Amino acid sequence: MKRTIKQAIFIATLIFSVFLSSCFNPVITMIREEVDLEDAVINGNINSIVRYTGQYGSGYGDYLFMQNGYIAYKSSASEKQTHGEWQDAPYVPPVLEYDDYLDTFYGTQIIKLAVGGDNSGNNTLFALGINYKTDTGSTVPADKILYKLTNENPHWKEIYRRPVNIPENSNFTQFEDNFTIFCTNSPNPAHRRAFARIGTGENRLTQKYFELTQGTDWSDKSKLDDYGVPIESTIVSTSETYNSVVFINGKVFFTSGVGGTNETASTPATYAYWSNGEMFHWCEAGSISDKLEPQGSIKVAANLYSMAVNKDSIIVGPYRLTVQRIGIEKTGKPTEIINFETNITSQLRNPYTTNVLFALDPAKNEKDNVIYAALVLSGSEGATSGSIQSVGLWSYYPSRGNWNRE
Amino acid sequence: MKRFLIIVAIVALTVPLFAQEQDIPESEPVTEFIYDMNGPGDQYIKLALMAFFPLNFSDQMYVGGAIQIGYHRFLTKWFAIGGDFMACYNATRGKNIFYALPLTVGMTFVPTIGKFEIPLSLNVGMAFESSQNNKYFPGLVLSADAGVFYRAMENWSFGIGTTFMYLPQWYSGNDVARYGNYDFGLFITAAAMARYHF
């Protein structure tokens, strides 16, 4: 009798554990959506794709810039929205390279871009770089350097340099030491604003936010305080860590997660969207006073790292998980998480994090829009079952009709 | 006279033979030895190396490979029951890997012709299926096997065979609107196999 009971308990436990660990993803159907992969032309960790309107090289126009250690660019004209049109930007700061003989790196790794501007639509492109030094046999970060692209002459000018402060007992990440840049990235050139977040004080825990403009230049040490922080007045000084900014109602609003609006090149934003942890929030433009207060929220799969606003939906990139799509009404009000109409979930998926999402024209529906995305891999290939070959830029072109490597 | 002596000699030699036959008692049973390839209680372990062909994926999936190990036990000389575990994979069009781990139980009918055995099986079980970090578990597996084996040694037989496998998947929630509520994979294998009999 006892043996029978033991056997029954064993079988029940087995069945229970099988169904506890059950999961029913559409494995077979998603294989049917796969496409032949293009040869990747833009590899590496990408943290920003920005709109820039202005003089570049010999021409004035609308450009897209991105960084992956280097800087690449392309015209934002529709005929250039095909695979393989990105070009390495000329006149960039010396790129990061490894010197076998000296066993060290030299040059600068560009880790972020931001575009600032004014009400007249004059844009300025900023690039944040990092260089390295060899310290007791190890290669460690040395300085972060802020560059500005001058319109008069297509070259990059160093406007600020700050030694990297690596917190003790910490694995260094590129943004951990509280010096980064970000921007509104608005479709309307007159709504583009860029900011630098710089930590000050002994532990760099107080954040100061400075607007980056055409006139920004902190290369003169007399413009810095004892901590190497610019003396000029700040937009905000706070212990809050903001990572993005949106432009709505003629003003900027900082957010801790990712942010965006439904602004198009010809119409102002009527809704602001932003994330805080695993929550996606929104509010109407008319409801905003001095800060963004959620009028509604949707729980997403994980902390969001990216967001791209289309006319009919918003694509969001959760940490180490497959992208999600939030439907929006014609007014711009979000509805709920809905299914994609493209093969995006076959490509921008776990274990990767979609670090950047960029919709070229927010006035177009997702399926008709040109959309770029950057995948990064958190952890090693073996530990995550990801492939380093997939890390880099991905794109969706309506003419091609599928998501693929750029 | 000479002819007579020869006939007598032949009869004299032949008579003891008939006399011997006449000495066997009529009640003693006749022992007949019949060799059966398999019998109740016989067991075998099967190992198979397979080419794994997707049937209903057009160009989305390429030919892959599989290995299988199984244990079977004869209930009669014709009929065995047992289980098989298979690990199979296929590369996909998007440079991903589809893999499945089916665990099945089944019954096998094993007719024999001389030293040849022709096992025919029907199996049912569950599988873990995965691709692109998407997972389906537990998935239903239905399969049918056929093969031909040659009993090369008392304990070993070698052969070739094939398995037809059906892997259905049912979806729910948000996936239904996007992907429908049902899809299935069909596969067939070409296998080289060895069996150890004990």
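Here are A:Ile71, A:Ile28: which of them is surrounded by 12 or more Cβ atoms within 10 Å (Cβ to Cβ), closer than 30 Å to B:Gly185 by Cα and among the β-branched types (Val, Ile, Thr)?
A:Ile28
Looking at (1) among the aliphatic types (A, V, I, L, M); (2) surrounded by fewer than 20 Cβ atoms within 10 Å (Cβ to Cβ); (3) closer than 21 Å to A:Ser289 by Cα, which is the one condition that is false for A:Val246?
(2)
Could you go through region B:135-145 and let me know if any residue there is surrounded by fewer than 22 Cβ atoms within 10 Å (Cβ to Cβ), closer than 14 Å to B:Ala191 by Cβ and more than 14 Å from chain A (Cβ to nearest Cβ).
Taking every residue of region B:135-145 in turn, at least one turns out to be surrounded by fewer than 22 Cβ atoms within 10 Å (Cβ to Cβ), closer than 14 Å to B:Ala191 by Cβ and more than 14 Å from chain A (Cβ to nearest Cβ).
So which residues in region A:1-54 are at the interface with another protein chain (Cβ under 7 Å from one of its Cβ atoms) and among the aliphatic types (A, V, I, L, M)?
Within region A:1-54, A:Val18, A:Val27, A:Ile28, A:Met30, A:Ile31, A:Val35, A:Leu37 meet the criteria.
Do the conditions hold for B:Ala144, that is, is it hydrophobic (A, V, I, L, M, F, W, C) and farther than 21 Å from B:Leu103 by Cα?
no
Is it true that some residue in region A:367-374 is among the hydroxyl-bearing types (Ser, Thr, Tyr) and surrounded by fewer than 21 Cβ atoms within 10 Å (Cβ to Cβ)?
Among the residues of region A:367-374, not one is among the hydroxyl-bearing types (Ser, Thr, Tyr) and surrounded by fewer than 21 Cβ atoms within 10 Å (Cβ to Cβ), which makes the answer no.
How about region A:35-94: which of its residues are in a loop (DSSP other than H, G, I, E, B), touching a Lys or Arg at 6+ places or on another chain (Cβ under 9 Å) and closer than 19 Å to A:Asn122 by Cα?
A:Ser76
Does A:Lys333 meet the test of being modelled with pLDDT of 95 or more and surrounded by fewer than 17 Cβ atoms within 10 Å (Cβ to Cβ)?
Taking the combined requirement at face value, the residue satisfies it.
Determine if region A:84-106 includes at least one residue that is within 30 Å of B:Ser130 (Cβ to Cβ), polar (S, T, N, Q) and away from every other protein chain (no Cβ under 14 Å).
no
Out of the residues in region A:184-209 meeting the condition of being over 30 Å from A:Ser266 (Cβ atoms) and touching a Ser or Thr at 6+ places or on another chain (Cβ under 9 Å), tell me which one is surrounded by the most Cβ atoms within 10 Å (Cβ to Cβ).
Only one residue fits best here, namely A:Ile198.
Any residue at all in region B:139-154 that's outside any strand (DSSP E or B) and among the aliphatic types (A, V, I, L, M)?
yes
hydroxyl-bearing (Ser, Thr, Tyr), under 22 Å from the mean Cα position of the chain (by Cα) and surrounded by fewer than 20 Cβ atoms within 10 Å (Cβ to Cβ): which single residue out of A:Ser219, A:Ser256 fits that description?
A:Ser256
In region A:142-175, how many are of a type in the set (Gly, Ala, Ser) and at pLDDT 80 or above?
Residues meeting the conditions: 1.
Can you name every residue in region B:146-180 that is more than 25 Å from B:Ala87 (Cα to Cα) and within 10 Å of another protein chain (Cβ to nearest Cβ)?
Result: B:Ser172, B:Gly173, B:Asn174, B:Asp175, B:Val176, B:Ala177, B:Arg178, B:Tyr179, B:Gly180.
Kindly provide the set of residues from region A:119-151 that are touching a residue at least 60 places away in the same chain (Cβ under 8 Å) and surrounded by fewer than 16 Cβ atoms within 10 Å (Cβ to Cβ), ordered by number.
A:Asn119, A:Ser120, A:Gly121, A:Asn151
Here is a list of conditions, (1) farther than 30 Å from B:Tyr35 by Cβ; (2) of a type in the set (Gly, Ala, Ser); (3) surrounded by 15 or more Cβ atoms within 10 Å (Cβ to Cβ), and B:Gly82 meets all of them except one; can you say which number that is?
Failing condition for B:Gly82: (1).
Can you pull out the residues in region B:63-112 that are part of a loop (DSSP other than H, G, I, E, B) and away from every other protein chain (no Cβ under 14 Å)?
B:Val63, B:Leu75, B:Thr76, B:Lys77, B:Trp78, B:Val110, B:Pro111
Against the conditions (1) in contact (Cβ under 8 Å) with a residue 60 or more places away in the chain; (2) more than 18 Å from A:Asn303 (Cα to Cα); (3) in contact with a strand residue (DSSP E or B) (Cβ under 6 Å, 6 or more places away or on another chain), where does A:Ser346 fall short? Just the number, please.
(3)
Any idea which of (1) surrounded by 14 or more Cβ atoms within 10 Å (Cβ to Cβ); (2) more than 20 Å from the chain's Cα centre (by Cα) is the one A:Ile231 doesn't satisfy?
(1)
The values are calculated or read from the model by the stated rules, or taken from the named source; none is laboratory data. Bear in mind that the values here come from a model prediction, so they are computed numbers and not experimental data. In this analysis, Cβ positions are derived from the backbone assuming ideal geometry, glycine residues included, and neighbour counts consider all displayed protein chains.
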